[in-house]
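I have placed the structure first, in the form of structure tokens, so that the comments after it can refer back to it.
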Amino acid sequence: MIPPFIRNHQFNGIQKQVRLLQQACASAADPKVLRSAREGVLLALHEAFPDADEGQRALLEPIAGWHAADDFRLGLHALQPYRLPFPTPSDAGLRRLFPKVKKLKTPDLAELDLAQTTYLGWTEAGSGRMLLVCGIDGMLIGVEGRVTGAVRGKNVCFACRHHGEVGLFTAVAKHRPAKASPDYYKAIGNYICLDSAVCNRQIEDAGPLERFVRDVTAR
């Protein structure tokens, strides 16, 4: 039995490739066009899973050969057991990630589908505070910041790269350069989806989010 290995953002990427292949199968009359589409899917899968072992590749590579409607529907369903869920955090564990936040209000973890989660993100009503939890090097890392200026459809979320209702999320970097003055201060900001559930359904590359967390936390 192959253990779960497909992270949420990778599964989102698979779904995107499946949609593209479905469109090609439905509209491409030229066999060369369809062959090119299949090769593109295969290349995208190899790029998304560069460290896949033989068993994992045996699960993923047949996707490029799907053709009938049942192939796509049943094929995606068959991949569900191989989705790797976000590490299950406890309420106490979340509080330890944010020791300086008094009266931290944690999200209702029972309502989360961790298989569809790349990161946890929630805002505290009235305070303007936004909190993110991301997995880095096998550890859960928390980032506290402020979110301002809800903007709908005019800016792109840095995490999922989609247009939507976003706000400017700003966090204070923990790294201090050598010989920095006592009042040294550096804030890092990016537009992010205000609804993290929507963001998690759209994110196909965890790299930008992980780099942001590393920049803020100096990891």
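One table, with the values for the structure above:
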read-out	value
FRET efficiency for GLU54 and HIS163, using Cβ-Cβ distance with R0 set to 35 Å, rounded to 0.05	0.35
Proximal lysines to LYS32, defined as alpha-carbon separation beneath 27 angstrom and excluding residues fewer than eight positions away on the same chain	LYS16
Longest DSSP-loop-exposure-free segment, chymotrypsin sites (Phe, Trp or Tyr not before Pro), the chain, at most 15 other Cβ within 10 Å	1-183
Under the Karplus curve 6.51 cos²θ - 1.76 cosθ + 1.60, θ = phi - 60°, whole-Hz ³J(HN,Hα) for region 190-201, x wherever Gly or Pro sits	8, 6, 9, 4, 6, 9, 5, 5, 5, 4, 5, 6
Degrees separating the helix 8-27 axis from the principal Cα axis of the chain, which is the longest one	30
Rounded to whole Å, sorted largest first: equivalent-ellipsoid semi-axes of the chain, Cα gyration tensor	37, 19, 17
Crossing angle, helix 31-48 versus the chain [Cα axis fit, 0-90 degrees, rounded to tens]	30
Sum of side-chain charges, MET130 neighbourhood, beta-carbon under 11 Å (Lys, Arg +1; Asp, Glu -1)	0
Sequence-separation-based contact order of region 91-217, relative, with Cα cut under 8 Å and 6+ spacing, percent	22
Cβ charges +1 (Lys, Arg) and -1 (Asp, Glu), total dipole of the chain, debye	1000
Cross-link reach list, lysines versus LYS186, counting only Cα pairs under 29 Å and skipping chain neighbours closer than eight places	LYS100, LYS102, LYS103, LYS105, LYS154, LYS174
ALA125 versus SER27: modelled label distance in nm, points set 7 Å from Cα along the beta carbon direction	4.3
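Read-outs throughout are calculated quantities, based only on the coordinates presented, and are distinct from any laboratory measurement. None of the values given here were measured: they were computed from a predicted structure. Every residue, glycine as well, gets a Cβ built from its backbone with ideal geometry; the counts of neighbours run over all protein chains shown.
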